[in-house]
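Here's the structure we're looking at; comments come further down.
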Amino acid sequence: MLEAEVLVIGGGIAGLVAAARAADEGLEVLVVDKGSGATYQSAGVVDVMAYPPSQGLFLNPLKGVEVTVKTAPTHPYAIIGRGNEEESVRRVKEAVEYFIDLTSSGIRLEGDIERNVILMNTIGSFKVTCLAPHTIFNGKVDDLSDASLLIAGFRGLLGFNPAFCASGAEYIASKFNVNLKEAMYTWLSHPRLRKFNLTFIELARMMDDDEFRKELGEALRKAVAEREATHIALPTLGFESPEENMKVIEEEADVKVFELISPPPSIPGQRMVKILEECVRKRKVRVIRGYKAAGFREENMRVKEIILESGEKKIPVRVGACILATGKFIGGGLTEEEDMVKEAVFGLPVYDGRGQPLDERKIPKLLVRDPFSQQPLIACGVKVNPQMKPLTLRGKPYENLFAAGSIISGYDYVKERSGIGVAAATGYFAGLNAAYCLKR
Amino acid sequence: MNAYDVIVIGGGSTGTSIARDCAMRGLKTILFERKDLASGATGACAGMISGGVKYALQEPDFAEMCTREVVYLSRIAKHIVFRTPILTAILTEEELKLREKFVDTYGTLTRKRQASPILILSPREARKLEPKLSPNIILAAYFDEMFIDPFRLAVLTALSAKQHGAEIRTYTEVVDILKRNGEVYGVKVRDRLTGKEEEVYGKIVVNAAGAWVPKISRMAGVSQTLRLNKGTHVVFDRRITGFGIICRALDGRSVYLFPHETGAILGTTAIDIFTDPDDAEATYDEVEYLISSMEMAVPSIREARIVRVMCGVRPLIAQWWIPEGDVTRNFKVIDHEERDGVKGLISVEGGKLVVCRAMAEKITDLVCEKLGREAACRTHLEPLPGAEGEVDLNKLSLKYNVSPHTVSRLASRQGALSQNILACAESDPSALTSVCLCESVTEAELRHAIRGEWGKTLEDLRRRTRMGMGPCQGFSCAYKAAAILAEERGMSASEAFRELKAFLTERCKGHSIVLRGSQLSEWEMTQAAYNCVGSMDDVTPLED
């Protein structure tokens with residue numbers, strides 16, 4: 001039988017931050033990850049708060065957090081500060097700073113937690129966020145004032161059309177009142193690249209190649225000279241060494257270079273998971289991949305054992321404390337049974353965004369027709385107390401079970417753009433509280 | 001000149017067939033479709049072109065016609081026609097008696113359409129063929145039916161009409177019928193994309209608007225009643241069974257589960273509706289009725305992944321006091337001069353997909369008679385575009401270095417024209433990049449649909465290429481296709497975003513009825529990608 005002082009179920013941002021934080025307290029931590037979840041698919045940037053519940057765009061994420069605490073008492077941001085705005089803001093800041101520090105050996109996150117920025121994406125529109133890897137942050141729309149932007153595409157690359165992105169750039173500039181001088185595009189090709197159905201990861205891997213990135217820089221220098229461009233946007237700057245690749249290309253082409261945000265499959269998201277995992281491993285956290293938590297045993301409201309499962313194979317793990325960071329539907333933390341939402345591991349009761357139990361409410365009742373309106377289903381999940389302990393059907397929580405990330409109800413990461421902010425904050429305090437609970 | 005011999009209203013399988021027949025007989029023809037080709041009942045049906053066995057006892061002539069039409073369609077549209085073997089699962093003794101007659105009449109008809117004979121299989125034999133069948137069946141009857149891609153049928157028929165000189169105008173709505181001294185002399189239409197209105201004159205107006213026939217007739221001051229009947233289909237992510245399965249529904253009707261293209265389709269319901277057919281929607285009850293019914297024969301159906309729910313409205317002939325299933329599927333051509341004293345107007349009621357060509361033939365005969373023209377129908381002889389020759393899949397796959405799967409999917413839609421589409425790669429190999437990964441649709445095929453098949457919106461591209469119809473329901477292809485559409489049609493970013501949102505809204509329609517199992521993860525992914533990362537919830541059109 002395996003043993004762990006703290007078992008974290010889920011290897012996304014929330015789980016890994018919780019694992020790192022618990023390990024910081026000197027505990028022996030085991031993370032179990034069943035496969036690539038939502039973080040792996042995410043844009044790889046740090047959203048804290050851009051559109052607070054029923055509000056328009058907020059330029060200051062922390063002000064957004066404040067408003068959220070005031071208007072949405074069941075929001076995790078409100079819960080971590082016990083309803084006190086200043087306390088919430090302080091705690092969110094502390095957690096996000098911890099996240100920046102935690103990942104600093106692998107990602108240079110740029111930006112300011114008190115300022116949201118507009119970043120262009122590969123689908124021709126934009127994303128609002130507050131911190132992003134340096135290679136992405138360099139392309140923030142504010143910096144494109146008076147710029148002549150050249151968007152470089154690769155023939156045959158799946159899902160990137162620089163011509164459309166150029167027209168999108170003009171739309172974004174006028175929407176956000178940025179005086180973009182010109183948005184141009186160019187198509188690149190290279191004998192080493194597949195002629196069609198080239199994937200983002202193939203291109204990213206190629207970017208990491210010394211010779212390729214140099215040649216790309218040279219090709220771009222020519223394009224820049226012809227078009228008199230001042231900035232170059234690329235769909236990706238590589239997987240292993242984006243920062244270095246950017247520098248090489250910038251030197252060759254002699255203009256500012258940045259990479260665009262992209263929907264899944266997103267390279268920055270994949271980079272973030274990889275780096276976070278390296279960072280927690282450095283803290284002596286063990287990570288088991290390919291297993292999922294399939295059952296548990298409890299005694300007197302304490303979780304004693306978690307059963308891990310992979311195919312037919314079952315491994316019981318004796319645990320001191322457990323952190324549930326299984327995510328929503330993408331991660332598998334929430335599942336469906338007879339049209340109702342279920343929590344997958346412990347069968348915890350599921351609540352809506354306002355803190356009301358779902359009971360017999362069926363999924364279609366939690367959806368609205370317009371896919372661009374707020375979907376109540378997104379805010380469903382388990383309900384936590386200020387210690388991040390999820391409520392059980394018996395009313396009171398298990399003494400040693402904590403929850404983190406999007407398995408928690410009360411927030412809509414899609415609408416708010418608060419995904420990593422809440423994941424980091426709830427992960428941080430879940431990890432810390434798990435440690436306290438064991439030490440006591 | 002905007003004066004025509006014939007104006008056809010409706011771009012479904014019937015309307016396009018009429019336009020084709022009229023044009024082939026040398027009539028100056030124009031067709032108006034309010035939305036897109038095959039966007040009504042044609043696009044919501046299962047694509048079965050039944051040999052008509054069901055009608056053999058009550059309506060032998062009609063059954064004969066169906067059988068004949070299957071042969072014609074297999075000939076003129078061979079690349080979009082496919083054969084599906086079917087097992088009728090019999091669960092009770094009582095049901096066995098009911099099915100007996102069916103088995104008898106089937107035999108004689110199958111010989112005529114060169115189909116395999118019906119076979120009665122023991123439960124063991126049947127389950128060996130189709131392991132997903134319930135162990136509770138007492139018998140299974142094996143036969144087969146032909147199917148057609150209904151979207152392609154309408155598009156190819158319209159293309160053929162165009163090649164013979166007809167004009168096809170999609171997104172053009174008839175807003176009025178022009179009438180003088182009791183005689184129809186044309187229509188007033190509105191271009192729904194530009195808002196422009198114009199009058200178009202014609203000697204004969206043919207109302208083939210399906211469920212909207214009464215609405216059009218009203219414009220000419222004619223009262224017409226149909227029995228509008230809603231049918232709902234549930235679409236699954238994979239073929240589920242190798243055989244089509246038919247079984248008795250909870251209320252004694254029949255329901256079916258057919259493997260269809262890359263997925264499976266479960267249907268159908270039959271509910272009389274009395275509202276505007278535009279407002280017809282699938283409901284939770286219909287989905288549950290279908291699943292609970294099919295569950296008796298295929299127990300695992302409840303666990304299968306539903307990707308979509310859709311409905312269509314059958315324009316049945318107004319026979320009442322009998323169940324929907326007993327209403328004739330034969331059609332009626334109405335000469336409004338004879339019936340209502342309105343000269344120049346013809347309409348069609350009832351009918352079904354398989355007889356669309358025959359309906360057109362009968363109507364065109366009447367049109368010719370009225371115009372004093374003599375020309376024989378040739379629609380059953382000449383192939384539709386793409387059906388003219390054979391395609392060598394291996395050769396094409398090797399020549400263009402595309403996967404055999406991609407080539408075979410392309411050929412199932414484009415037939416002999418596949419070669420021309422793949423030829424784009426000679427000047428630009430990147431044209432073979434997949435846009436829709438679920439259905440293996442290339443950029444070249446999408447551009448072809450935009451340039452040569454009246455593809456104006458993303459929904460149009462879906463109907464023509466199956467883009468966005470797979471398990472991801474547009475999540476990974478919608479934005480890619482929007483960029484191509486914008487490029488081809490010179491749309492601004494703002495217009496393209498609006499188009500993208502309209503497409504995704506349509507794709508998500510079924511979700512508010514049923515969203516289960518792993519489709520929830522796909523749904524969350526779409527939400528996150530398009531709103532959280534793509535900000536489609538905040539791309540308001542800019543003011544000038």
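The values are calculated or read from the model by the stated rules, or taken from the named source; none is laboratory data. Keep in mind the model is a prediction, meaning the values are calculated, not measured. All Cβ positions, glycine included, derive from the backbone under ideal geometry; neighbour counts span all protein chains shown.
A few remarks follow.
Let's see how each residue does on (1) within 14 Å of chain B (Cβ to nearest Cβ); (2) surrounded by 22 or more Cβ atoms within 10 Å (Cβ to Cβ); (3) among the charged types (D, E, K, R):
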| site | (1), (2), (3) |
| --- | --- |
| A:E299 | no, no, yes |
| A:E312 | no, no, yes |
| A:G333 | yes, yes, no |
| A:L348 | no, yes, no |
| A:Q356 | no, no, no |
| A:P371 | yes, yes, no |
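- In the range B:161-179, the residues that are surrounded by fewer than 23 Cβ atoms within 10 Å (Cβ to Cβ) form Cβ pairs under 9 Å with partners that are hydroxyl-bearing (S, T, Y) and not in a loop (DSSP other than H, G, I, E, B), at six or more places apart or across chains, as follows: B:H164/B:T29; B:G165/B:T29; B:E167/B:Y4; B:E167/B:T29; B:L178/B:Y185; B:L178/B:Y201; B:K179/B:Y185.
- Selection status of B:R463, over 18 Å from the mean Cα position of the chain (by Cα) and either more than 9 Å from chain A (Cβ to nearest Cβ) or not polar (S, T, N, Q) (or both): no
- Candidate set: the range A:214-236, residues that are in contact (Cβ under 8 Å) with a residue 60 or more places away in the chain and in contact with a Phe, Trp or Tyr (Cβ under 8 Å, 6 or more places away or on another chain); chosen: the one nearest to A:G269 (Cα to Cα): A:P235
Here's the yes/no breakdown for (1) farther than 19 Å from A:F164 by Cα; (2) of a type in the set (D, E); (3) surrounded by fewer than 20 Cβ atoms within 10 Å (Cβ to Cβ); (4) free of Cβ contacts under 8 Å to residues at least 60 places away in the same chain:
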position: B:A478; (1), (2), (3), (4): no, no, no, yes
position: B:R489; (1), (2), (3), (4): no, no, yes, yes
position: B:F503; (1), (2), (3), (4): no, no, no, yes
position: B:R507; (1), (2), (3), (4): yes, no, no, no
position: B:Q519; (1), (2), (3), (4): yes, no, no, no
position: B:T540; (1), (2), (3), (4): no, no, yes, yes
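- Pick from the range A:109-166, criterion of a type in the set (S, T, Y) and surrounded by fewer than 24 Cβ atoms within 10 Å (Cβ to Cβ), ranking: farthest from B:R489 (Cα to Cα): A:S145
- Any hit, the range B:443-454, residues being in contact with a Phe, Trp or Tyr (Cβ under 6 Å, 6 or more places away or on another chain) and either surrounded by 21 or more Cβ atoms within 10 Å (Cβ to Cβ) or more than 7 Å from chain A (Cβ to nearest Cβ) (or both): no
- Flag for B:S116 being out of contact with any Gly (no Cβ under 9 Å at 6 or more places or on another chain) and modelled with pLDDT of 95 or more: no
- Candidates A:A166, A:A173 - the one that is within 12 Å of chain B (Cβ to nearest Cβ), within 21 Å of A:I249 (Cα to Cα) and not in a loop (DSSP other than H, G, I, E, B): A:A166
- Filter result (in a loop (DSSP other than H, G, I, E, B) and either touching a helix residue (DSSP H, G or I) at 6+ places or on another chain (Cβ under 7 Å) or without any contact (Cβ under 8 Å) to a residue 24 or more places away in the chain (or both)) within the range A:58-96: A:F58, A:A72, A:H75, A:G81, A:G83, A:N84
- In the range A:388-440, the qualifying residues are those that are crowded, with 24+ Cβ neighbours inside 10 Å and on the phi > 0 side of the Ramachandran plot, and the one that is farthest from the other protein chains (Cβ to nearest Cβ) is A:M388.
- Residues satisfying the stated conditions in the range A:170-204, i.e. touching a residue at least 60 places away in the same chain (Cβ under 8 Å) and under 21 Å from B:A481 (Cβ atoms): A:T199, A:F200
- Here B:L57 fulfils each of the conditions (1) outside any helix (DSSP H, G or I); (2) under 21 Å from the mean Cα position of the chain (by Cα); (3) outside the structural domain of B:P131 (by TED's automatic domain parsing) apart from (2).
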